[in-house]
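J.: Can you read through this structure? Questions will come right after.
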Amino acid sequence: MQKFVLILFFLVTLPIAARPVLQPEVKEYIPGNGTFSITGLPVFYQDQKQCEIGAGEIPGNRKRIKGFNNTAEKGIYIAVASSPEGEMLIRDFALDVPQKKQGYTIKAVDGKIAAVGFDNIGTLYGAVTLRQMAADGQIECTVVRDYPDILWRGAMSYGRGIAKWNYGERGLAGSKAAIDALFRHKINIISDFHRTSQTLSDAELEVISEICRYAEERGIWICIWPNTSLYNQTTKPAGTTLKNWHCVADGRPSRRVESYYCWSDDRATEENAVRQVEFLKKFGVSKLLLVIHPVDGGSEKDPEFWSRRCQKCREKFKDDERWKAGVRQFNILNNTLRKHFPEAVIGSCIYPYHADMLAVPRNRRDRRFNTNVTEYWKNISSGIKDENFFFNIWMPGHSIMKEYREIIGSKRKINYTDHYCLSAGIFATYHRYAGSLYEENSENVFLSVAQDTFGQWESIFLAGEHTWNRNAPGSGIYPGGAFYDGLKDHTGPAVIMEKTLPRICHTFWGKELAPYMTAVMASGIMPRYIENPAAVITYWNKVRRDPMYDPNVKKDTLVNNSLPPVEDSPELMRRQVIAAESVCKQLASAGKYFDSVNPYQRRYLVNFARLAPLWLAAARAQYNIRCAGELIAAGNNVQALKLLEKAQKELDADYTAAEKNLDALRAEKSMARRISWSLDRNTMQKQLDEARASAQVLLQPRRIGRFIKVGITQGDSAVGIKKFLDRFANVRATLIDNISLAELDKYDCVIVTAGNYKKAEFFQNIPAYVRKGGGGVLLEGMLCGHERFDSKTPFPEIVKTSPARVDNFQRKLKKSDGTLVKSMYVDYFELIPGKDGETTVTSTDGKPVVVRGRAGLGKAVFCGMVNLEGVNNTFVTAQTELSGINAQIVQDAIEYFTNIKLRRNKR
Amino acid sequence: MKKFSVLCAAVFSWLTLPGQTVWEGEKIIDKEVVIAKQDLLIKPGCKVIFKGKGELIVQQGSFSADGAEFTAENPVEKQFRIRFSNGNISLKNCTFDHLICKTPARHIDGSIRIQYAKGTVSGNTFNRSSAIALLNSNGVTVENNQFTDGENGILLFNSGEHRIVNNSFVNMSDFGIRLNGSELNQLANNRFENCTLAVFLYNKAGNTQVTGNSIFGGKAGIKLWHSGSGNVISANLFENVKTAFDAGGKSFSGSTIYANNCIYDCLYAFIIPKTAPDASVLIRDNAICKTRVAISVNGGKVTAENNLFWQVKNISAVNPGSTAPEIRNSVKADPLFKDAANGDYRPADNSPLLKNGTNGGNIGLFQ
């Protein structure tokens, strides 16, 4: 009986024990009989760079012998199929090498192992698979045949991923260790070289070029985004500014990038192409993935801001001939780049780059749509004769591809990216869609540019899993709609969390750390949500409503393929408390294995260890504050105070623990100068104090004192509003930094400028202040029922919502007496008044823009505009003193709230 | 050319419909203009300019103006600029500038006289102008007006049942509101800043509610002199006024209640001069803070109960021959206002102002 049990145990466990952990999973794994040890086996490798690197990948101390002319000796043999050594291995081992780029085969039998690749990189991949197969020093007798479905897979950020491992370090060992981690998981793109538009210094380029060469030897392509702009901020002619440039200019102040475009100046385009070539040469590599970026913006209504092109461009290209200008520029750039980088993969994110625009039903596509989208794509594709020139698109729903293919032709290469997702968590599973645009016999590229992959290694390895093998467990075909679902993509699908993620963690973190890191990654922790719930929920709802929402570009919605919005709630934060507790516990238990990873990867691990207790402290404090807020809103102030007492104790304990933890890890090396977490003890203590003060506020109607006290929340327009109000003798205007009840209660009225408020505070404190405290609030712009606040307002009886943003470049609005007055900004939100709303300002065609009304003991005014100046009649804003109708609206609002006329200062 | 324009304006402005006169554009009044037995409508934007001794007299019809401007080039003596009687008046959102009656005479005290009338005066701005005088009228609402840099604001003479609410008086050199022989009026939620005298109840002015007014600066807040009985003075705020209440006069009689007022940073809170022997004064639920003398008594029967005194040098001062006030249930503690330094006199949640008033009510500014 005992024997039987033992045999049974052996039979049950044998396949599990023998099957190595491989990531990405291989296509074919045919187990043979038995296992053998690789200890002491020499490595024989072809005298070729990738074979040499591959030989170095085989773990353990052993002889590594360059070149071989027979396979008689027991050992590990590595060669490329087309070489004499490779042909010998194929013959001696009876190998069937997949006839696919990057493909390879491995055969392990009787103390001998052969790894033969279809090409150089395939051979290297064979070696790294062999590394995973023999991680325990034993290998199963087996045959592996493997190749990728998609040749270019994933992308790791240089700036936020690779360079982080090298932070503060002399030499490049950290960056090289990071690249090793990439190619060992068969990821073959590095992107996100910050400031790559000819602005990197020679010293920076020298470092980068060494890293790029190291990466290239390991099959990794360098993704750079040249631009069609003739000049940027460093190459522009002296005296050129965004304002005085004659044609289309684009400034991104937050990134300090300036781009100057013109389609009619071929000479300048050629000079730009030459500059790009000279710059790219400094990378010192040939495996370049070049995505030429045209003007970014204008959507299908005015793509690339074509309507703003200069007179010369107009003379050369008619309104419907943007494609001609595009073909001309792309050809110049492509030909010049191709001439110098024949191996490069070159293309462009032809604008508009959302293939999902084809989700617009044909009967809703007007002439403009066809000219700017479908015909443009078609004409560009037929105009660029180089078939290797790819089109870069945001991944569309699978069904869209058929029409897209019809438009651009069957031969055109496609480089498809994910949706620039701003992931709230640390591991996200939307990469399961990465292989969903697989096309048989194509050489398409999947480029992940997701923000979460900036340093989020496990996620990018998942992208590798599903592009290497489009049928990997859990693979999904992206159906269109929201690409990223924050509620689901950090905790499921189960098959990924339970099967794929443990493999990723095993190969990346090693078998000791893997169980802990798997639990950490599957915990559902969302640091970005904890840190800024309002911003995250807003973003979620934007992509849920408009799958093509691009956080980098202002554009209009075209496709309505929406998911219901997510309502923020204490429950969401409670789940984060639980997740953070789990992460802390797992990392604490994993501490004993920290030494099992290399010192550079250890930084990435330590970063989690440093942050996790802070995540917990902030999540718990926020959860408690939210619960207290709900109690205050319900009038249960005493209970709220009790809860906040408990919250104070927990905050003290949690932050003390977090600070002790930081102290304990102080000697550990970091990935950055400062820890990336804004919710420190003081910040949360301030929030707790505000909540406590709010719970202690006895709301009563106010009596206006000698001066009208006006609070102005610190949004962009606050300075201009204060400047205006400071001109009145009976007003004292103060900038305030929060909307706690205690703060609001200090003022007779408050101007709540468009900004990022916690939704709970906004919907609890503002109404309480007005209805019970008799205060007055002026809500500005997006606060009037914008999607950011789930299209709701705190006073639905006055304004229900503001569904539409409307351009107003004529900058005129109509007062209730019919007079037209100039507005400061170039757009407004059209308001939908509630039953008690009185419209006081409208658009010229009578749509409500300012609505006011009473609510409880107080009053509210909704102003669908921001109080900012639209510089040169554009969306660029300037903080100037209120003028025109904006000044009148603010003055009228305060007089309406207080029944006191404002008196100008005497000069 | 200019003359021609004025002439045209004058010609086209007299758009007379049966029973109605409509003014728009510019109207010069340089002599007595009488509009009788018909309505006068002055349209928004119309500029009415008084010159010399020009006077507008509207009688036995209605008078309405909305968004018009009234200015005078010069002050006048012993005369009004506008006289309205026997009808309904509506003055809204108009501006009155420099309408001054330089030497008022009996029954001629102000620049606008409204007599035997009903109606509304609201949302107007009176700049450097003499008072609106409501004579022998009932039921006029005067609200949301702004009176600035004038001599006096609103005068009620032998009038009643008027609502004088939410007006603002700034830098009035004489008074803000004066009631002479008027009864049953409501003076509520008005603001007075730096007015020599904010409210004056005079000559048997009685049964008047003076509530919720805010008085900042000035010599005297609310003065009752020879006034009648039944006045209730409640929930008024006095900040930095020399004397908050000055109540007396030989014929001052009947009972007056001062309740729930807040007196802060004043020299005197209450001065009760010699009064008729039967006069009684009840001072209750008031918050009196940072004041030299709370109650100065020269006569009459004064009862003070459930008041809060804080930083008061002398709670009472009794002049020879007077009866000391009966003071009971006083609270002597920091009132714990929310933010008195910035004009917020609402009590904090742990303030002694709460529930220590009469019958467990509150002390201070509670209406």
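The values are calculated or read from the model by the stated rules, or taken from the named source; none is laboratory data. What you see is a predicted model; the values in this text were computed from it and never measured. Cβ atoms come from the backbone with ideal geometry, glycine included; neighbour counts cover every protein chain shown. Ligands, DNA and RNA are stripped out before the accessible areas are found, and what is left, the full protein with its side chains, is counted by its heavy atoms. Shrake-Rupley method; radii C 1.70, N 1.55, O 1.52, S 1.80 Å.
J.: If you put +1 on each Lys and Arg Cβ and -1 on each Asp and Glu Cβ, how big is the dipole of the protein assembly as shown around its Cα centre, in Debye rounded to 20?
T.: The calculated dipole for the protein assembly as shown is roughly 2280 debye.
J.: Quick check: at a probe of 1.4 Å, how many percent of the accessible area of chain B sits on carbon and sulfur atoms?
T.: 48
J.: Just checking the output field for A:892-905: average partner chain Cβ neighbours within 10 Å of each residue's Cβ?
T.: 3
J.: Could you tell me which of B:ASN362, B:ALA333, B:PRO352 has its Cα farthest along the dipole of the stretch B:236-367 towards the positive end, charges placed at Cβ (Lys, Arg +1; Asp, Glu -1), taken about the Cα centre?
T.: Sorting the options by dipole projection puts first B:ALA333.
J.: Continuing with the same structure: Compare the Cα positions of A:TYR29, A:ASN335, A:LEU688 along the charge dipole of chain A (+1 at Cβ of Lys, Arg; -1 at Cβ of Asp, Glu; about the Cα centre) and return the one farthest towards the positive end.
T.: A:LEU688
J.: Quick one: with all protein chains in place, what share of the accessible area of the stretch A:19-146 is carbon or sulfur, to the nearest percent (1.4 Å probe)?
T.: That share works out to 47 percent.
J.: With the cut-off at 1.5 for a/c, could you classify the stretch A:156-483 from its C-alpha gyration tensor as rounded, prolate or oblate?
T.: Cα axes put the stretch A:156-483 in the oblate bin.
J.: Counting only helical runs of four or more DSSP H residues, what would the 222 nm mean residue ellipticity of chain A come to if each run contributes -39,500 (n - 2.57) and the total is spread over all its residues?
T.: -11000 deg cm²/dmol
J.: What is the set of long-range amide H partners of B:GLU193 at a cut-off below 5 Å, with H atoms built 1.01 Å from backbone N?
T.: Correct list: B:PHE169, B:VAL170, B:ASN171, B:PHE216.
J.: What percent does the relative contact order of the stretch A:84-135 come to when contacts are Cα pairs within less than 8 Å and at least six residues apart?
T.: That works out to 27 percent.
J.: Next up: Any idea of the total accessible area buried by the B-A contact, 1.4 Å probe, rounded to 100 Å²?
T.: Chains B and A together bury roughly 2000 Å² of accessible area.
J.: Gaussian network model of chain B, Cα springs within a sub-10 Å range: biggest mean-square fluctuation belongs to which of B:LEU99, B:LEU336, B:LEU134?
T.: For chain B, modelled as a Gaussian network with Cα springs under 10 Å, the answer is B:LEU336.
J.: Moving on. Need the C-alpha centroid separation for the stretch A:640-704 versus the stretch A:562-613, integer Å.
T.: 19
J.: Measuring from centroid to centroid over Cα atoms, what is the spacing of the stretch B:158-235 and the stretch A:865-894 in Å?
T.: Computed from Cα coordinates, the inter-centre distance equals 41 Å.
J.: Taking the Cα centre of the stretch B:293-354 as origin, sum charge times position over the Cβ atoms of Lys and Arg (+1) and Asp and Glu (-1), and report the length of that vector in debye to the nearest 20.
T.: Result for the stretch B:293-354 is approximately 200 debye, rounded to the nearest 20.
J.: Considering only the other residues whose Cβ falls under 9 Å of the Cβ of A:THR877, what net charge follows from Lys and Arg at +1 and Asp and Glu at -1?
T.: My count for the surroundings of A:THR877 gives -2.
J.: Now for a different question. Which of the peptides B:320-326, A:770-776, A:696-702, A:860-866 is most tightly packed, and how do the rest follow, judged by the mean count of other Cβ atoms within 10 Å per residue?
T.: A:860-866, A:770-776, A:696-702, B:320-326
J.: What are the semi-axes of the equivalent ellipsoid of the stretch A:570-696, taken as the square roots of 5 times the eigenvalues of the Cα gyration tensor, listed largest first and rounded to whole Å?
T.: Those come to 33, 14, 11 Å.
J.: Per-residue mean of other chain beta-carbon atoms within 10 angstrom of the beta-carbon, peptide B:185-193?
T.: 2
J.: For the protein assembly as shown, what proportion of DSSP beta bridges, expressed in % and rounded to the nearest 5, is antiparallel?
T.: Once the DSSP bridges in the protein assembly as shown are tallied, antiparallel ones form about 20 percent.
J.: Tell me which residues come under 5 Å, amide H to amide H, from A:ALA855 once H is placed; ignore anything under 5 positions away on its chain.
T.: A:ALA860
J.: Quick one: helix A:120-133 against the long Cα principal axis of chain A, what's the angle to the nearest 10°, folded into 0 to 90?
T.: That helix lies at roughly 90 degrees to the long axis.
J.: Next up: Please count, across the stretch B:236-367, the pairs of lysine residues with Cα atoms under 29 Å apart that sit 8 or more places apart or on different chains.
T.: Going through the stretch B:236-367 pair by pair, I get 27.
J.: Ok, one more. Tell me, what HN-Hα J-couplings in whole Hz come from the Karplus equation 6.51 cos²θ - 1.76 cosθ + 1.60 at θ = phi - 60° for each residue of the stretch B:169-185, using x for Gly and Pro?
T.: Running phi through 6.51 cos²θ - 1.76 cosθ + 1.60 with θ = phi - 60° gives 10, 10, 6, 8, 6, 10, 9, x, 10, 10, 10, 10, x, 10, 9, 6, 9 Hz.
J.: At 1.4 Å probe size, put A:TYR404, A:TYR757 in order of accessible surface, largest to smallest.
T.: Heavy-atom accessible area, descending, gives A:TYR757, A:TYR404.
J.: On to the next question. Contact order normalised by length for chain A, with contacts defined as Cα pairs under 8 Å and 6 or more residues apart; what percent is it?
T.: Relative contact order here is 7 percent.
J.: Say we join alpha carbon atoms closer than 10 Å with springs in a Gaussian network model of chain B; which of B:VAL165, B:VAL318, B:VAL281 then has the biggest fluctuation?
T.: Looking only at B:VAL165, B:VAL318, B:VAL281, the biggest GNM fluctuation is shown by B:VAL318.
J.: Now for a different question. Send over a whole-number figure in Å² for the accessible area per residue of the stretch A:156-483, probe 1.4 Å.
T.: Result: 36 Å² of accessible area for each residue.
J.: Rounded to the nearest 20 debye, what is the charge dipole size of the stretch A:156-483 about its Cα centre when +1 sits on each Lys and Arg Cβ and -1 on each Asp and Glu Cβ?
T.: So the dipole magnitude of the stretch A:156-483 works out to roughly 580 debye.
J.: Among A:CYS784, A:GLY755, A:ALA804, whose Cα lies farthest out toward the positive end of the dipole of the stretch A:708-898, if unit charges sit on the beta carbon of Lys, Arg (+1) and Asp, Glu (-1)?
T.: A:CYS784
J.: For the cross-link pairs A:LYS301/A:LYS542; A:LYS236/A:LYS669; A:LYS542/A:LYS812; A:LYS282/A:LYS385; A:LYS107/A:LYS385; A:LYS511/A:LYS542, which exceed 32 Å when the distance is taken from alpha carbon to alpha carbon?
T.: Those over the limit are A:LYS236/A:LYS669; A:LYS107/A:LYS385; A:LYS511/A:LYS542.
J.: Which links in A:LYS66/A:LYS101; A:LYS835/B:LYS43; A:LYS101/A:LYS339; A:LYS709/A:LYS758 stretch past 29 Å when you go from one Cα to the other?
T.: Exceeds cut-off: A:LYS835/B:LYS43.
J.: For chain A, compute Rh as the Kirkwood radius over C-alpha pairs and then the Stokes-Einstein diffusion coefficient at 10 °C and 1.306 mPa s; write the answer in µm²/s, rounded to an integer.
T.: Diffusion coefficient, whole number: 52 µm²/s.
J.: Ignore the peptide's own chain and count Cβ atoms of other chains within 10 Å of each Cβ in B:341-349; give me the average, rounded.
T.: Averaged over the peptide's residues, the number is 6.
J.: Given a 1.4 Å probe and every protein chain left where it sits, what share in percent of the accessible area of the stretch A:156-483 is carbon and sulfur?
T.: Accessible surface attributable to carbon and sulfur in the stretch A:156-483 totals 47 percent.
J.: Under the rule a/c < 1.5 gives rounded, and otherwise a/b versus b/c splits prolate from oblate, where does chain B land using the Cα gyration tensor?
T.: In terms of gyration-tensor shape, prolate.
J.: Output the antiparallel fraction of DSSP beta bridges having both residues in chain B, as a percent to the nearest 5.
T.: 5
J.: I'd like the residues of the stretch B:209-226 whose 1.4 Å-probe accessible area shrinks by no less than 30 Å² going from the isolated chain to the full set of protein chains.
T.: Residues meeting the cut-off: B:PHE216.
J.: Follow-up. Hey, what did the stretch A:570-696 get for relative contact order, percent, Cα under 8 Å, at least 6 apart?
T.: 33
J.: Taking H placed 1.01 Å from N in the peptide plane, check which residues at least 5 places from B:CYS46 or on another chain put their amide H under 5 Å from its amide H.
T.: Those lying under 5 Å, H to H, from B:CYS46 are B:GLY25, B:GLU69.
J.: I've got another one for you. Pick from B:ASN166, B:ASN329, B:ASN240 the residue whose mean-square fluctuation is largest in a GNM of chain B, springs joining Cα atoms under 10 Å.
T.: Residue with maximal mean-square fluctuation among B:ASN166, B:ASN329, B:ASN240: B:ASN329.
J.: Whole-Hz ³J(HN,Hα) for each residue in the stretch A:340-355, computed from phi via Karplus 6.51 cos²θ - 1.76 cosθ + 1.60 with θ = phi - 60°, x for glycine and proline: what do you get?
T.: 8, 10, x, 8, 5, 9, 10, x, 8, 7, 3, 8, x, 9, 9, 4
J.: Further question on the same structure: Can you compute 3J(HN,Hα) from phi for each residue in the stretch A:47-61, using the Karplus curve 6.51 cos²θ - 1.76 cosθ + 1.60 with θ = phi - 60°, rounded to whole Hz and x for Gly and Pro?
T.: 6, 7, 4, 5, 5, 5, 4, x, 4, x, 6, 6, x, x, 7
J.: Name the shape class, rounded, prolate or oblate, that the alpha-carbon gyration tensor gives for the stretch A:19-146, where a ≥ b ≥ c are the square roots of its eigenvalues, rounded holds for a/c under 1.5, and otherwise prolate holds if a/b is larger than b/c and oblate otherwise.
T.: Here the stretch A:19-146 falls in the rounded category.
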